[in-house]
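Working notes, structure below.
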Amino acid sequence: MKRLFAPVLMSMASIAAADTIVATGDLGLVVERAEGSLLLVDQSERAAIGRIEGLGDLSHASLVYSPDERFAFVFGRDGGLSKVDIVEQEVVARVMQAGNSIGGAISDDGTLVAVSNYEPGGVRVFDTETLEMVADIPTGSKTIGLVDAPGRRFVFTTWDEGETWIADFSAGDPAITKVVGMGANPYDALITSDGRTYITGLFGQDGLTALDLWDATPEPTPVLPGYGRGQEDLPVYKMPHLEGWAKAAGEFVLPAVGHHQVLWVDATTLEETGRTDTHGQPVFAMARPDGRQVWVNFAHPLNDTIQVIDTVSKEIVHEFKPGPAVLHMEFTPRGHEVWISVRDAGKVMIYDTQTFEKLREVEADSPSGIFFTARAHRTGL
């Protein structure tokens, strides 16, 4: 009997342990901007499985994940930085670090989280375990385009001065490199997945500016200078987001400011390779993970529409209207599905990216940003 009893006890213990295991690789968070909450979703189930509340003003919120995909660091518009445990579905730490924030990034080793601020400006950096501040980097300006770069570095740009700063934490205290002459009023930026190329979009002039971060002394390189020359600028109701950028088949696909176009740029030479006329002013131009399609949404008042562009022909191959106020899109890691937040319908809609069939709707309260945990392993996200 004893020989039989021990394996039975071990089996029961294994079952009990299995009941407590939560795998996070299939999960994601949807920002519910009106209520200051996060909806926890399961990709395979195509369903909401929980809600985390008490995160303050999430009207322009974003988040990043720890390398183990367990914790999310949420950047609220009210200056709040929150650490959220998605396994326990709770806020485990929260600090009010500024008056107005506009995003953040996590270092490649997962030990530092940085926040970009409008008020009082500058960047503040925190320990990811405790949320204790480890560095305050004043810039005297609103900061935008904050991204992580390899080697425990953060890169960000100043709206007022048109400078890009590189903060290197590899030796402990940050070593700051400033690059001047980036252009008039940079409004957002992106970094390539290899951490080499950093590109800022400019609101104060037609064009963008690139930096080669592999260069010991990076110098600004103009990209598409004067791309709107000869065209009438349209009112800009919402700034495009370069962090929802596309790089596909060796080209960048970038939203134009004040024009109904996306712009195609060779990723090596930074020369223009084409333009695609679009339904409205693009906000996000996002590549499906395999690079074959780019999905584009648009600013108010034409924000009920999605267009899908084929990256080989650069032509629109599909257009549909999910509903009022399409704010954000997120592909599953291999790109077989896309999740779309439709704020004024109060839904997240899920589509097959091959057939364009709607697969399911998930109820959400004024949904905006959608963030799957696979982002934990991608530079710049």
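Counting other beta carbons within 10 Å of each Cβ, put THR143, THR373 in order, fewest first.
Numbers: THR143 28, THR373 22.
Lowest to highest Cβ neighbour count: THR373, THR143.
Could you pull out every residue, at least 5 positions away or on a different chain, whose amide H is within less than 5 Å of the one on VAL123? Hs are placed 1.01 Å off N in the peptide plane, and Pro or chain starts have none.
Amide H neighbours of VAL123: ILE137, THR139.
Would you please give the residues with an amide H less than 5 Å from that of LEU146, counting only those at least 5 places away or on a separate chain, with H modeled from the backbone geometry?
Close amide H contacts, sequence-distant or interchain: THR157.
Over 22 Å between Cα atoms, which of LYS321/LYS358; LYS83/LYS178; LYS142/LYS347; LYS247/LYS314 qualify?
Working: LYS321/LYS358 11 Å; LYS83/LYS178 30 Å; LYS142/LYS347 33 Å; LYS247/LYS314 13 Å.
Checking Cα-Cα distances, LYS83/LYS178; LYS142/LYS347 exceed 22 Å.
Return THR311, THR200 ranked ascending by Cβ neighbour count within 10 Å, so the fewest neighbours appear first.
Details: THR311 21, THR200 27.
In order of increasing Cβ crowding within 10 Å: THR311, THR200.
Using only Cα atoms, what is the ratio of the radius of gyration of the chain to 2.2 N^0.38 Å?
My calculation over the Cα atoms of the chain gives 1.02.
Karplus couplings for segment 22-37 from phi (6.51 cos²θ - 1.76 cosθ + 1.60, θ = phi - 60°), rounded to Hz, Gly and Pro as x?
10, 8, 9, x, 9, 9, x, 10, 10, 6, 9, 5, 6, 9, x, 10
Could you give the distance between the Cα centres of segment 103-123 and segment 245-266, to the whole Å?
After rounding, the separation between the Cα centres reads 26 Å.
Taking each pair of distinct Cα atoms in segment 60-226 once, what is the resulting Kirkwood hydrodynamic radius in Å? Mind showing how you got there, number by number?
Details: mean 1/r = 0.0628 Å⁻¹.
When all Cα pairs of segment 60-226 are included, the Kirkwood radius is 15.9 Å.
Helix-only estimate, please: 222 nm mean residue ellipticity of the chain, summing -39500 (n - 2.57) across DSSP H runs of length 4 or more and dividing by its residues, to the nearest 500.
Details: 1 runs with 19 residues, N = 381.
About -1500 deg cm²/dmol.
What ranking of LYS347, LYS321 emerges when the number of other C-beta atoms within 10 Å of each C-beta is taken as an exposure proxy, fewest first?
LYS321, LYS347
Quick one: if you stick a label point 7 Å off each Cα along the C-beta vector at ASP290 and ASP212, how many nm between them?
Rounded to a tenth, the inter-label distance reads 3.3 nm.
If amide hydrogens are placed 1.01 Å from N in the peptide plane, which non-local residues have theirs closer than 5 Å to the one on GLY103?
Placed amide hydrogens put SER116 under 5 Å from GLY103.
Suppose R0 equals 25 Å; then what is the FRET efficiency for ARG196 and ASP42 from their Cβ-Cβ distance, rounded to the nearest 0.05?
Working: r = 35 Å, r/R0 = 1.38.
Result of the calculation: an efficiency of 0.10.
Every number here is computed from the coordinates shown, using simple stated rules; none is lab data. If you're wondering where the values come from, they're calculated on a predicted model, not measured in any experiment. Here the Cβ is made from the backbone with ideal geometry for all residues, glycine too, and neighbour counts use every protein chain on show.
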